[in-house]
Amino acid sequence: MSQKESLPVTQQLVVLKSNMEKRIVGKGELIDRLLIALISEGHVLLEDVPGVGKTSMAQALAGSLSLSFARIQCTPDTTPGDITGLSVYNSKDGEFKTVKGPVINNIVLADELNRTSPKTQSALLEAMEERKVTIDGRDFSIPEPFMVIGTQNPIEMAGTYPLPESQLDRFMMRLSVGYPSSEDAVAMAGRFIEGSLHEETGQVLSGDDILSIREEVRKVTVHDNLLKYAVNIVEETRNASEVSCGASPRSMLSLLRCAQAVALYDGRDFCIPEDILKSSLWTLPHRLVLSTEARMNRITQEQILKRITDRIRVPA
């Protein structure tokens with residue numbers, strides 16, 4: 001047994017986070033959420049303006065794990081075959097050869113996902129949900145562990161296509177990187193001048209380590225009263241007047257798995273109400289389709305969910 005394998009789960013995650021912070025300055029809370037999504041078997045959508053470190057965040061995670069990694073740079077002319085793969089005729093052999101696409105890897109970075117066409121965006125759906133792709137009628141499994149990290153610019157920016165609700169629902173979390181604080185910006189500038197802004201992260205955990213941690217997440221206890229609490233939150237999103245389409249059953253399952261991961265991340269083998277509450281605020285907002293009136297009044301999904309959770313009784 002290796003030294004990393006002998007470490008407790010929480011300590012392994014601390015090592016992974018510390019390794020990522022060699023490359024990412026001042027984003028500890030964002031790294032926490034990204035790692036929680038990783039051990040929850042979830043996908044993450046990083047949304048923010050260009051230049052704040054969305055791609056660097058994904059690369060820092062991939063560089064810290066001994067897993068296969070692929071980056072898909074999405075552009076308006078990216079085709080579905082560029083993502084899933086295609087059959088190419090080999091004139092020398094006189095037969096078609098299957099070329100697997102970049103999505104058939106452990107960690108996949110779909111960079112600027114909303115700059116490609118809806119047809120190409122939809123090519124990710126089967127891979128993200130089914131963990132397989134179909135090329136010319138043949139199914140190809142994606143290796144585990146598998147995680148898609150999509151990045152997108154705000155939809156107000158030129159040349160973007162809004163992601164359809166069906167694809168947003170495949171992402172466990174939508175996270176915003178945000179601008180650095182003044183202190184973090186100074187630290188970043190200092191590291192840039194010294195030439196150490198993007199230190200080599202090195203691989204600190206293996207695929208087997210992540211699979212083992214995911215197995216521990218599934219064992220975390222969620223009592224019946226907390227299951228009911230999660231269901232109540234999801235059902236209330238469907239009754240809210242500002243919402244035209246509430247959270248799906250898939251989102252409820254994501255919420256529960258995320259809560260289990262939050263508990264394990266904090267060193268517990270059981271969930272508490274705060275885990276459910278925190279997870280609901282992370283996994284549900286981007287899945288709510290606002291009514292026309294709510295959009296006109298500039299009401300956000302986060303505001304609606306906060307109102308919902310505030311009025312639901314928290315179980316003992």
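The values are calculated or read from the model by the stated rules, or taken from the named source; none is laboratory data. Keep in mind the model is a prediction, meaning the values are calculated, not measured. With ideal geometry, Cβ positions are generated from the backbone for all residues, glycine too; neighbour counts draw on all protein chains shown.
Being loosely packed, with under 15 Cβ neighbours inside 10 Å, of a type in the set (Lys, Arg) and in the same structural domain as Gln301 (by TED's automatic domain parsing) is true of Arg250. Could you please find all residues in region 147-162 being modelled with pLDDT of 75 or more, in a loop (DSSP other than H, G, I, E, B) and surrounded by 16 or more Cβ atoms within 10 Å (Cβ to Cβ)? Result: Asn153, single match. Considered as a group, the residues in region 219-247 that are buried (at least 17 other Cβ atoms within 10 Å of the Cβ) and of a type in the set (D, E, K, R) include one that is nearest to Asp275 (Cα to Cα), and that residue is Glu236. Can you confirm whether Arg287 is modelled with pLDDT under 95, of a type in the set (Lys, Arg) and either in contact with an Asp or Glu (Cβ under 8 Å, 6 or more places away or on another chain) or assigned by TED's automatic domain parsing to the domain that holds Glu165 (or both)? Yes: the conditions hold for Arg287. Any chance you could count how many residues in region 69-93 are without any contact (Cβ under 8 Å) to a residue 12 or more places away in the chain and assigned to a strand (DSSP E or B)? Result for region 69-93: 3. Kindly check whether there is at least one residue in region 228-236 that is at pLDDT below 90 and of a type in the set (Phe, Trp, Tyr). Looking for residues that are at pLDDT below 90 and of a type in the set (Phe, Trp, Tyr), one finds none in region 228-236, hence no. Taken together, Val103, Val99, Val15 contain a single residue that is among the hydrophobic types (A, V, I, L, M, F, W, C), surrounded by fewer than 23 Cβ atoms within 10 Å (Cβ to Cβ) and not in a helix (DSSP H, G or I), which is Val99. One residue alone among Ala294, Ala259 is more than 23 Å from the chain's Cα centre (by Cα) and not assigned by TED's automatic domain parsing to the domain that holds Leu163, and that residue is Ala294. Based on this model, can you work out whether Ile31 counts as surrounded by 22 or more Cβ atoms within 10 Å (Cβ to Cβ) and either within 24 Å of Glu216 (Cβ to Cβ) or at pLDDT below 90 (or both)? No: the conditions fail for Ile31. Return yes when Glu144 is farther than 30 Å from Gln301 by Cα, at pLDDT 90 or above, among the charged types (D, E, K, R) and not in a helix (DSSP H, G or I) and no when it is not. Criteria met by Glu144.
Contact map, region 252-274: first residue more than 19 Å from Glu236 (Cα to Cα), second residue charged (D, E, K, R) and crowded, with 22+ Cβ neighbours inside 10 Å, Cβ cut-off under 6 Å, separation 6 or more or different chains; pairs are Val262/Asp275; Ala263/Asp275. For Pro285, indicate whether it is surrounded by 13 or more Cβ atoms within 10 Å (Cβ to Cβ), in contact with a Lys or Arg (Cβ under 8 Å, 6 or more places away or on another chain) and farther than 19 Å from Thr10 by Cα. Spelling it out, Pro285 is indeed surrounded by 13 or more Cβ atoms within 10 Å (Cβ to Cβ), in contact with a Lys or Arg (Cβ under 8 Å, 6 or more places away or on another chain) and farther than 19 Å from Thr10 by Cα. Determine, yes or no, whether Asp82 is at negative phi and more than 18 Å from the chain's Cα centre (by Cα). Answer is yes for this residue. Taking region 199-316 as the region of interest, the helices (runs of 4 or more DSSP H) fully inside it that hold 2 or more residues being under 21 Å from Leu38 (Cα atoms) and in contact with a helix residue (DSSP H, G or I) (Cβ under 8 Å, 6 or more places away or on another chain) are 207-218, 249-265, 273-283. Note on region 112-138: among residues that are touching a strand residue (DSSP E or B) at 6+ places or on another chain (Cβ under 8 Å), surrounded by fewer than 19 Cβ atoms within 10 Å (Cβ to Cβ) and among the acidic types (Asp, Glu), the one that is modelled with the highest pLDDT is Asp136. Between Thr79, Thr84, the distinction of being more than 21 Å from Ala37 (Cβ to Cβ), surrounded by 16 or more Cβ atoms within 10 Å (Cβ to Cβ), at pLDDT 85 or above and polar (S, T, N, Q) belongs to Thr84 only.
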